[in-house]
Amino acid sequence: MSAYETQGFKLDNSGKRVVVDPVCRIEGHLRVEVNLDSNNVIRNAVSTGTMWRGLEVILKGRDPRDAWAFTERICGVCTGTHALTSVRAVEDALDIQIPENANTIRNLMQLNLYVHDHLVHFYHLHALDWVDVVSALKADPKKTSELAQSISSWPLSSPGYFRDVQNRLKKFVESGQLGPFSNGYWGSPAYKLPPEANLMAVTHYLEALDFQKEIVKVHTIFGGKNPHPNWLVGGVPCAINVNDTGAVGAINMERLNLIKSIIDRSKEFVEQVYIPDLLAIASFYKGWGYGGGLSSKNFMSYGDIPQRANDYTASNLLLPRGAVINGDLSKIHEIDLRNPDEIQEFVNHSWYKYADESKGLHPWDGVTEANYHPEGPNFKGTRTRIEALDESAKYSWIKAPRWKGNAMEVGPLSRMVLGYLQPKQYPIIKDTIDGVLHKLDLPVTALFSTLGRTAARGIEALYCADLQVQQFDKLMANLKAGDTSTANVDKWDPSKWPAEAKGVGFTEAPRGALGHWIKVKDTKIDNYQCVVPTTWNGSPRDAKGQIGAFEASLMNTPLAKADQPLEILRTLHSFDPCLACSTH
Amino acid sequence: MSVTTQDDESAITAAGNSVYVYEAPVRAWHWINALSIVTLAITGWFIASPLPSVSGEASENFLMGYIRFTHFVAGYVFAIGLLVRLYWAFVGNHHARQLFLLPVTDGNWWAGLLQEIRWYAFLEKYPKKYVGHNPLGHLFMYFAITLSGTFLIVTGFALYGEGAQEGHWSHWLFTSWVIPLFGQSQTVHTWHHLVAWGVVCFVIIHVYTAIREDIMSRQTMISAMIDGKRTFRE
Amino acid sequence: MSTETFYEVMRRQGISRRSFLKFCSLTAASLGLAPTMAPQIAHAMETKPRTPVIWLHGLECTCCSESFIRSAHPLAKDVVLSMLSLDYDDTLMAAAGHQAEAIIDEIKKKYKGNYILAVEGNPPLNEDGMFCIHGGRPFVEVLKETAADAKAIISWGACASWGCVQAAKPNPTRATPVHKVITDKPIIKVPGCPPIAEVMTAVVTYMLTFDRIPELDRQGRPKMFYGQRIHDKCYRRPHFDAGQFVEEWDDEAARKGYCLYKMGCKGPTTYNACSTVRWNGGVSFPIQSGHGCIGCSEEGFWDKGGFYNRVTDIKQFGVESNADKVGGTIAGIAGAAVVAHAAVSALTKARGGKEDQNKGGK
Ligand code: HEM
Ligand code: HEM
Ligand code: NFV
Ligand code: SF4
Ligand code: SF4
Ligand code: F3S
Ligand SMILES: [Mg+2]
């Protein structure tokens, strides 16, 4: 195949083809193939979702009240967000209003997810793209301590503390059993941190691993467990009782205090560890400005965190809603999830079958029928031994969603930029971003990059950690006012449902805009379709040859070493790919 | 064991004749069994669909506990009863064996079955006389009591053993293999429940036919289960 | 490659012999063993190298991994750095692509018959296995190859143990639990969706310390955590026995913490440790937070009817129904038939009674 141009990118698959499969440190199964020119610069990128489970098929004919549990199992990393989206879709279809407390509790759980998921992504899925573990062995613990203390007031920062960690690490490495660090790209010239910064980051990798398990306890209290807490159509399952006999069997003062303490500690950790580390690491990679992809061109967010219950309009959402296309940042478009012409999914390059593949399908009329056919003129290998995929044929288990025909990037960066563009409604987002850019001495345009995506996630974690406190206060104020209701059961009984109904629920999942579309017929699910953040970002090409966000972001990136995919991992990881989500 | 069919019966079934069919243990068992099944069905229903909540402290109440306890006691009675009844099939008269054996190789029995079905479909003017069970009743009893009863005992004690825990005989004898056989406990509940309904259906039909035959057929029925004697009339 | 013992690793980390021994007695206690077992644990740890673990992912949602890292005792960090050698795990490992794949080969060779294979998720068998592709080929092949030289296999979660959500009807990919694909190795099932973090790490530490697989029940689950039902140890059980139930979400009974049986709680039919070990460091568990147990550690729990029904749906009959509907309908029909039959009988008898009497007999 020859070269062609799309969305401002020149694709050319003539050079050397490099395959990375599996792409690790992500959720699920992802493969990526790139073509390198003679300077090891990526001139063509092909990303493939390599798993499919068929949840949309499995949901047919089931009780809509059970759907949250099925869809929650789409992903254990962004656990809960699918469940929330699902109960919202069912409530929309059946016209169920939820109590104020239920909305606040759901918000708290959702915000809690952002903080947890972003933190774990930064340290445990992403950091090793920037941090050289082996180099940390060479660090001077004293200087590391000085560095740490210069950027944060986090108390765990003495030279002795860093020395202990370094010793533990040293002996670990010397043992020869490197565990998860085996065969890493240590020593690659692409790593830029000095040993002290590496040691500090590795130390916090371990600290964050210990701490993240505390954050999720908010889910455990309201939903009984994490991962995969429990949800309820019509509200939340946890009853509140702060006064009467039997309070110990419900959300009571002790539980509320526990939540408060977790929220406060999470905020502290984000403020004093995550953000300082992020800034410190970013300051060494400022020059590495690759990976922008679609981020400045086409991006969107559905918005989330409704202040008042049951109002999902843009002005009521604490996370922004809107779309930007063709790089025109001056215009924020409205999104209508019900309009059959706006969101559509195409399968021209996906392993699915439509009766007529020349048209996209709006999710209410969506069809999910598997059709594994990797074969094409440039395909190399066999059906069960793929050597090189053919991007001119079908090549991924991910569908290709489009908004008004455009491939879109979604995620924290999109949200934060949309907030930045609407400073009146989102002053805190604007201020935080300005602060970060100022500290790094970078222009706003620097946001549209791999690093920008990673920074936006941190900024969002900070914003959400703060919102948790706000939402908690709101819950307490409502309780003080005497409202302890948590569920509306008027329409619990299916005999009260209309014969046919359809609804749509949306959230901003940690990785971006998430929507579930449901059709209910005779009290059972007639059709259920999910269009998921990583479906957007990991989208394969469409009929017009437009590439998705992953593919676009890899374009024109030089690799330090052609046989070490470090830069590819870096950029892909900046999206926090979730493949179980993307294909579901 | 053998079960008598019609060959030798014509002489016995002459009008006015009376034969001792159901020995005392069979009769006693019949009524005890009937009582236990009624108890099991009622308590079983309330196990699956409990009564409205009672008020007061949990420690002051034990309603669900008593209902379950009653079910389990009746379950023991039912199970032991069936075992004793099985024993009696060996030592009792040949009518005592009927419940446990279907003479499926006997052409006469099949003919009788057909005749009995026609009788119930109002296609036969005259019912036949039987010293023991008529083939249709025999068939029903075999399926509803011998097979379904055994199934309920096996699944019932398998469920019972879950609560009684490892170490209890019921866990060792039933739970340990029944639950894995069905895959999981919920499935065992469902089947126990479903088959329980089958037994309830039998009881409805059985009681009806017993009374009906007492009136319409040419032999005593209910009193036969009381004094053991089958008396034939014209 | 050094083959350090667990004890050496701990010593290297600056842990004194005294605290090591203390650790051993704590381990004994947390596994519910007599204190006299502590020396045996210590001995085991002093003489054994860190066991390599390969952690593969099939069709799954990664919540088993997410659960694992939530372990509070021992900390996931300590498990990974000191207790075993997590040499391959696509979710956490630094390497990718060829560099990652090379590790599997290396471990297979170097530790033939001595590594543990942990499986999260399951292989799909339809479409030649290509519903889950790993390195360009079917995951099921990678699974079989890696299993071939493993000492034992841990099936994490409902996916690996039973099939879980992707195996729910109609199971479009033919997602198949591990034990149906690997039949010649000891397999420890640790079901749950996901399993409790501390149960996961306890199973691992048990295997490392005692150098044997835990005692399993007939279905392959460790008896120590899956020997009893949620219901057997549920703190709401007194309300169950009393006959005090939540009748509706957020009703007075819900606020008092009554039993969730009528809301469809599957605690009475679910074998797991939630009501005792609880979740996330013992903070709560589903029932404590007001929602019934959905039976997430049981085989095929997705297809046992709705999560909110006590008498659950049966799909065997093609139509949506439950035991009460089926049985009740049949009983109703039987009752109606009896009444109708009795009426017709009475009529027949009244009409032809005399005649019958005369002609009767022969
Ligand atoms: C739960 C209730 C009942 C059950 C499970 C039940 C079960 C049985 C069984 C298993 C037999 C066969 C006995 C044997 O061969 O050992 C039988 C016979 C009989 N039962 Fe019942 N019974 C029930 C209630 C009744 C009632 C209420 C009546 C009277 C109205 C009744 C009348 C009879 C009669 C007359 C026979 C003898 C039938 C014959 O001679 O062929 N039963 N029953
Ligand atoms: C005619 C015989 C029987 C009938 C009609 C009957 C009926 C029932 C019914 C309807 C249920 C509720 C099932 C559900 O959970 O949906 C039940 C549960 C049960 N039955 Fe029976 N049953 C019979 C015999 C037995 C026997 C012989 C035993 C042995 C002890 C037994 C033990 C149990 C147990 C342990 C339960 C579960 C109780 C619980 O979950 O709390 N049943 N039975
Ligand atoms: N993509 C995705 Fe998710 C998220 N965030 C869900 O909607 O990760 Ni598993
Ligand atoms: S068992 Fe459940 S929790 Fe574990 S991976 Fe499967 S779906 Fe996720
Ligand atoms: S809440 Fe569930 S597990 Fe607990 S006692 Fe009630 S039925 Fe049993
Ligand atoms: S739903 Fe699962 S988490 Fe425990 S309480 Fe039930 S087994
Ligand atoms: Mg979809």
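We did not get these values from a lab; they are worked out from the coordinates using the rules stated. Keep in mind the model is a prediction, meaning the values are calculated, not measured. Cβ placement follows ideal geometry from the backbone for every residue including glycine, while neighbour counts extend to all protein chains displayed.
Observations
- Cα centroid separation - the stretch A:490-554 against the stretch C:230-295, whole Å: 32
- Percent antiparallel among DSSP beta bridges (both partners in chain A, rounded to 5): 95
- Think of the stretch A:1-123 as a dipole: +1 on every Lys or Arg Cβ, -1 on every Asp or Glu Cβ, centred on the Cα centre; then among A:ASN35, A:PHE70, A:GLN7, A:ASN35 lies furthest on the positive end.
- Net dipole in debye of chain A [+1 Lys, Arg Cβ; -1 Asp, Glu Cβ; about Cα centre; nearest 20]: 700
- Peptide C:331-339 - average C-beta neighbours from other chains (10 Å radius): 4
- If you wrap the stretch C:116-200 in the convex hull of its Cα atoms and look at it from every side, the mean projected area works out to 5.4 nm².
- Protection proxy ranking, peptides B:107-116, A:265-274, average beta carbon neighbours within 10 Å, highest first: A:265-274, B:107-116
- Relative pair counts by distance (%), Cα atoms of the stretch B:1-130, 5 Å bins: 2, 9, 13, 13, 13, 13, 11, 8, 6, 5, 3, 2, 1, 0
- 222 nm mean residue ellipticity, helices alone, for the protein assembly as shown (DSSP H n ≥ 4; -39,500 (n - 2.57); rounded to 500): -13000 deg cm²/dmol
- Taking other C-beta atoms within 10 angstrom as a stand-in for reagent exposure, C:MET224, A:MET300 fall in the order C:MET224, A:MET300, fewest first.
- Placing R0 at 30 angstrom, the Cβ-Cβ distance between A:ASP37 and A:ALA393 gives a FRET efficiency of 0.80 after rounding to 0.05.
- In this structure, the pairs whose alpha-carbon distance is over 19 Å, taken from A:LYS521/C:LYS262; A:LYS260/A:LYS474; A:LYS217/A:LYS267, are A:LYS521/C:LYS262.
- If only the Cβ of Lys and Arg carry +1 and only the Cβ of Asp and Glu carry -1, the dipole of chain B around its Cα centre is close to 480 debye.
- Under the span-like rule (Cα at least 18 Å along the axis, Kyte-Doolittle mean at least -0.5), DSSP H helices of chain A: A:81-94, A:100-120, A:195-215, A:253-269, A:427-440, A:450-480
- Ordering A:235-242, B:120-127, A:63-70, B:163-170 by mean Cβ neighbour count within 10 Å, with the highest value first, yields A:235-242, A:63-70, B:163-170, B:120-127.
- For the residues of A:254-262, the average number of beta carbons from a partner chain within 10 Å of their own beta carbon is 1.
- Close Lys pairs in the stretch C:143-258, defined as Cα atoms under 16 Å apart and 8 or more places apart or on different chains, number 7.
- Over the stretch A:184-314, relative contact order from alpha-carbon pairs under 8 Å, at least 6 apart, %: 20
- Contact order for chain A, expressed relative to its length and based on alpha carbon pairs under 8 Å spaced 6+ residues apart, stands at 25 percent.
- Mean per-residue shielding of peptide C:121-130 is 4, counting Cβ atoms of other chains within 10 Å of each Cβ.
- Taking amide H as placed 1.01 Å from N in the peptide plane, A:GLY235 has its amide H under 5 Å from the amide H of A:ASN488, each at least 5 places away in sequence or on another chain.
- For the stretch A:127-241, size of Cβ-based charge dipole, Lys and Arg +1, Asp and Glu -1, in debye: 140
- Whole-number Å³ per residue for the convex hull built on Cα positions in the stretch A:88-150: 125
- Gyration tensor verdict on chain A (Cα atoms; rounded if a/c is under 1.5, prolate if a/b is larger than b/c, oblate otherwise): oblate
- Sorted peptide list for C:91-101, A:162-172, A:503-513, criterion being average Cβ within 10 angstrom, highest first: A:503-513, C:91-101, A:162-172
- Cα gyration tensor shape for the stretch A:222-262, rounded if a/c is under 1.5, else prolate or oblate: oblate
- GNM remark for chain B: springs join alpha carbons under 10 Å apart, and the peak mean-square fluctuation among B:SER53, B:SER223, B:SER36 falls on B:SER53.
- Antiparallel content of DSSP bridges confined to the protein assembly as shown, in %, to 5: 75
- Shape category assigned to the protein assembly as shown from the gyration tensor of Cα positions, a/c cut at 1.5: prolate
- Sorting C:VAL339, B:VAL203 by the number of Cβ atoms found within 10 Å of their own Cβ, with the fewest placed first, yields C:VAL339, B:VAL203.
- Acute angle (nearest 10 degrees) that the helix B:185-216 long axis makes with the longest principal axis of chain B, alpha-carbon atoms: 30
- Each listed q (0.16, 0.17, 0.35 Å⁻¹) maps to a log10 I(q)/I(0) for the stretch A:329-368 from the Debye sum over equal C-alpha point scatterers, namely -0.47, -0.52, -1.24.
- Taking amide H as placed 1.01 Å from N in the peptide plane, C:THR51 has its amide H under 5 Å from the amide H of C:SER85, each at least 5 places away in sequence or on another chain.
- Theoretical FRET efficiency, 1/(1+(r/R0)^6), r = Cβ-Cβ of A:MET476 and C:ASP211, R0 60 Å, to 0.05: 0.70
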